[in-house]
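Worksheet: one structure, shown below.
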Amino acid sequence: MATQTRSRRTTQAAKPSILANLLPYDEKLRRRELAVLRDRVGNELRSKAQFEMQGAAFDWTAFKAQFNADYGDLALTEIRGYLKTLYGFSSAQEVADAYDKMQDLRRARQARRGY
């Protein structure tokens with residue numbers, strides 16, 4: 001009986017360390033909405049570069065690095081404010097749908113390239 005009690009305690013003690021490695025739900029939401037904002041801003045700037053700058057190439061890698069440096073620490077409420085003001089998102093579900101669509105497009109692009 002004493003052996004069972006010790007093994008249960010050991011198992012229970014191990015669970016928090018595993019769960020500690022996971023992101024809290026609010027942080028997952030913040031990162032998802034930040035990704036949508038980054039994608040929308042990037043697409044707008046890419047389009048602007050193509051049409052207003054005689055087809056200038058848009059460097060996504062440099063843009064992502066600069067965007068993350070400038071806006072990577074925004075709170076979820078601030079990100080939602082930008083998404084509403086700049087792109088008309090009125091609910092978290094709309095943002096989730098946009099994120100899913102964005103991921104579907106990425107997967108299709110990778111499939112075409114053979115990744």
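The values are calculated or read from the model by the stated rules, or taken from the named source; none is laboratory data. Given the structure is predicted, the values throughout are model-derived calculations rather than measurements. For neighbour counting, all protein chains shown are included, and Cβ atoms are generated from backbone atoms with ideal geometry for every residue, glycine included. For the accessible areas, the whole protein counts, side chains as well, though only heavy atoms, and no ligand, DNA or RNA atoms are used. Shrake-Rupley method; radii C 1.70, N 1.55, O 1.52, S 1.80 Å.
Key figures
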quantity	calculated
Every pair of residues 6+ apart whose Cβ atoms lie under 8 Å, when the first sits in the stretch 48-72 and is without any contact (Cβ under 8 Å) to a residue 60 or more places away in the chain and open to solvent by 70 Å² or more (accessible area, probe 1.4 Å) while the second is in a loop (DSSP other than H, G, I, E, B) and of a type in the set (Phe, Trp, Tyr)	Gln50/Phe58
Residue in the stretch 15-22 that is touching a helix residue (DSSP H, G or I) at 6+ places or on another chain (Cβ under 6 Å) and exposed (fewer than 15 other Cβ atoms within 10 Å of the Cβ) present	no
Test: residue in the stretch 90-103 that is among the hydroxyl-bearing types (Ser, Thr, Tyr) and more than 22 Å from Tyr25 (Cα to Cα)	no
Members of the stretch 105-115 that are within 17 Å of the chain's Cα centre (by Cα) and open to solvent by less than 90 Å² (accessible area, probe 1.4 Å)	Arg106
Selection count where residues are touching a residue at least 40 places away in the same chain (Cβ under 8 Å), more than 11 Å from Leu37 (Cα to Cα) and either in contact with a Pro (Cβ under 6 Å, 6 or more places away or on another chain) or surrounded by 12 or more Cβ atoms within 10 Å (Cβ to Cβ) (or both), scope the stretch 75-101	3
